1. Can you tell me the convex hull volume per residue for region A:465-516, based on C-alpha atoms, in Å³ to the nearest whole number?
2. Return the loop-located trypsin sites (Lys or Arg not before Pro) in region A:511-614 (DSSP other than H, G, I, E, B) with at most 13 other Cβ atoms within 10 Å of their own Cβ; answer none if there are none.
3. Using only the alpha carbons, work out the radius of gyration and Dmax of region B:52-170 in angstrom.
4. Which loop trypsin sites (Lys or Arg not before Pro) in region A:308-411, with loop taken from DSSP, have no more than 16 other Cβ atoms within 10 angstrom of their Cβ?
5. Using a 4.7 Å cut-off between beta carbons, which cysteines in chain A end up with no partner cysteine at all?
6. Over the whole of A:319-331, what's the average partner chain Cβ count within 10 Å per residue? Rounded to a whole number, please.
7. Given all pairs of different Cα atoms, what value in angstroms does the Kirkwood hydrodynamic radius of region A:230-345 take?
8. All other residues with a Cβ under 15 Å from the Cβ of residue A:264 taken together, and with Lys, Arg as +1 and Asp, Glu as -1, what is their net charge?
Amino acid sequence: MRTVYQTNSNRTQKTKAQALARDYFMTNERFHLYKILAFVASAIIFFATIQSSALDINGAGDRTGVVALYLFDETGGTVANDEITAGGRLNLTLSSSAAVLGNGYLQFIASSAARSLTPATKIIDQCRVSNELSIEAYIESETENNLSLAEYGPARIVTLSQGVTLNNGFFLGQGYNAGFFYNVAMNATQTVGMNRLVLTGPTLTTDPSDPQVVRPRNLQRIVFTKDSAGVSRLYVTDENNVPILRSRPTTLTAPFAGWNSNLQLAVGNEVLFDAPNLPLLRPALPNTGERTREVKDWRGKVHMLAIYCQALTEQRILGARAPTNWAASEQAYTIDPNLVITEERRLAQIIYRRLVGSNIAIDHPILAAMEAQLVGRITDPAARLAAARLATQQPGFYNRTVKDFAKKLSNREHEVSVPLNDFSAMVIGATRDNRDARDLLRADFSYRADTTRTAVPANLINDILSSNRHYESLEVQNYDLSSVLIPVNTQYLYNGRGGTVSGANYDTAGLLTSRAFQLAHGIAGTNRRLVEFAFQEFLCRPITQWADNTAPDSFVGRDVDRFPTGEHTKYQTSCRGCHGQMDGLRGAFARLTFETGFLKHALVVDPITPLPNPDEANNNTIMSTMNQVPRGISGKYNKNNNVFPEARETTDANWVNYAVTGINGDYFGWRRPAPSTAPINGSGVREFGNMLAESQAYPNCLTEKVFRAVCKRDALPSDAAFISRVAASFKTDDAYQLRRLFERMAVQPECIGQ
Amino acid sequence: MKTKYVIKALQTMLPIAAIVAVMGNACSALNSSEKSGGSLSGSFCTAPPSTEFAVLNNAATASTVYGSQVLENMASCTNLGHLGLSRRTMDENAARSPSFSQYGYVGDVTSAMMMGVTALAVEVCNDLANKERDIASTNRLIFNDFNFATDVSNSDIDNALTRMARSCWGRNPTDEERAIVREEVLALGTNDARYKAIAVCTSVLASLDGIKQ
């Protein structure tokens, strides 16, 4: 029978918090009081945050499967008690005064250990039977010996072993390799030299785009779990005390049946670290000095340690943050082989399949509800739309159809196999929230995961602005994007020096300033690709189709040769058509470049001083600076400025749109009332995006892309009238809501047949 | 070892069974109910290159699941969801996904893709069989007639096939399809109900109708 321990942990929490405060106050000067108070506050928040987890720092919670539990709440002495009496207490004896009990934790201030004096029989026996293992530890690691750790590590936080040489059992360790990492290793049999099976949390480096896994001198909860099939996962809490899956799910096929019966449990070092007459390592380690192979000393504090011979489920580790099983039906249903499949039910199935992207039982209640909308009205457009509306309420619509639709737009190759990114999240969120699709090109907003309902890396700089880790983790862990994405009413820009600013005053504009779009088109080069692909992706017009040799070339850059191969005619006939258009518009992105892993804005990131050579603009590897020539303008705009120095220098973010006449004027809808042929002028990304969004081509292009997603083929010229008709409804009847566009498309006979 | 043998046997026989069961019927089913366009009509089974096909007005375009949709489709129609899939299934998907179509074009359906779909279907069906074996028959979706402790009858197989077909094809199986699947399941030469369950399930998931969009 399972017993759940529910203690009045609030008082205990306060006691531990006070102990922590006392500890810091006694060892630090008075002016560190503010740091102490901050630590106490964060500790209390930490305790509160993890109430829903398997075990809290006081050992309260679900103890199902716990074989050994240490709270290290002794006020002193040399023995740390095992709270689990079943199978006999496996108390740990401190080997020296370098291991200190008191203040609510066990601290290692020098090489020492706390170990069982007898074999850990109950752990060995029970884990052999279950072939499952979980380790849960609340620790604070120290950073003093990082170089040493690189030489002799991983240091043992906890180990079940008979020594390194015999190579049996398991350990949870901390190592260093260009940064700290945690890892877990297990061995199946007692074989000297057998390779260990290792599961490693990633390495921390000084690059903020790397995950901040180990946070020295911060309280962290580590959970390792392996089930009987060998599936193993390693979780480590982040700065928000959220347990983050820090490893790819890996299969470690290490049957515990081969464990030696004499294995001992040790904390802080290997079991035989102080065994006499062991040979010293030769040569001696440069930073560590002389030691034997068995010395794997760890520095830090252990607040709680639990050993389970049971795998912990995702639900138990993450609580309310565990992913839901959205791909399975929320509604219970049964299969009725006698149910007649009507034409209405079949149509409902077709619409469902096209919108949600998967098959579903013909007997499912959602198809019954859709069928009810269609009975007697199967050809009625309003009835069909009502049925489609039910389908777009399903999680699969957002997690498959809309996600793949967005992913294709987010990369140059139009692949759906790319990881989820901020661009796709924005499209999914805007579709779900019935946001005006024009905002995707002109509004300052973004979407990210609700951190109270997800356990994903969520540091703004490290995981969202400097990497794609936040969104990638959402997808890897199969979170329901339709429910966990929340809108953020601004985009943020990173200054490269640890700070961020809201994009509200810095011209951020929806997808155009998303990390994914900038990574795809704003890296290196001259930012012309940003214009080219903005037109290609959002207006469905590749540059070859809107190039215009008759447009003025007053904005063509100084890096474009007017006499290629010595012929001006070649420029006039081949180069001017594209450059006249693109260069006129690229000023919109003049303050931006994507480098060192994030989008840089010239008014947010410090310029390189003294004034750099703009030809080196795309070679900058310093995160905190940006090549700006002149100040405030990305240097790439003025590189190679000696090719045709008489041309216009880019000194601001102004742009001009010459695609307002002739075929372009008609296609994009920018044609001026006759007799005017005046171009459209603007400044910055937001105005550029607004111009695209308000064009006639934008709704047509979105309609074409939704057609491809739902109708499973590209639109042909013969579909033009149909596309225009649906696009017109998208604008006027659907208020540019993408969800309605998908619904409208999925019920058209031109799409799904008669 | 025996499990491996049976799985291997399934992987060999079932593509043949699936193709025979479905190719002879799914084409006509597709043509009659969705009017596949242009040169696809009557030749869904021998599709032309993915982007080169004639289009019929007011006709649906035949397509398949693609990329990650392959596994998600199986997880959804069997009501396993992501959490019901084992690590082994996820690993199989990772190994097989390079062979899957990336865009869902009918012309992308190759033997390599179908082999991959079949291998993945076997794992998903293994997960489904394990799940339903451990719950009361009244709570099962597909194998409610199966007694996993003993052998199963032809009518049990028929019933499971019907339930699988209604779940993942959206229709009842034809008499020909029933006969083919029954024959192939019997040819496994096992009395183990779980293996038969996997066979029935795989014959549906690994078929062309199973990947149709």
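1. So the per-residue hull volume is 96 Å³.
2. Here no loop site has a sparse enough neighbourhood.
3. Here Rg and the maximum Cα pair distance are 16.5, 54 Å.
4. A:377
5. Here A:575, A:578 come out as lacking a disulfide-compatible partner, given the Cβ-Cβ threshold of under 4.7 Å.
6. Partner Cβ neighbours, averaged per residue: 4.
7. 20.5
8. Taking every Cβ under 15 Å from that of residue A:264, the sum is 0.
The values are calculated or read from the model by the stated rules, or taken from the named source; none is laboratory data. Please read these numbers as outputs of a predicted model, since none were measured by experiment. We place every Cβ from the backbone using ideal geometry, glycine too, and count neighbours over all the protein chains shown. Quick note on the areas: whole protein, heavy atoms, side chains included, nothing else; ligands and nucleic acids left out. Shrake-Rupley method; radii C 1.70, N 1.55, O 1.52, S 1.80 Å.
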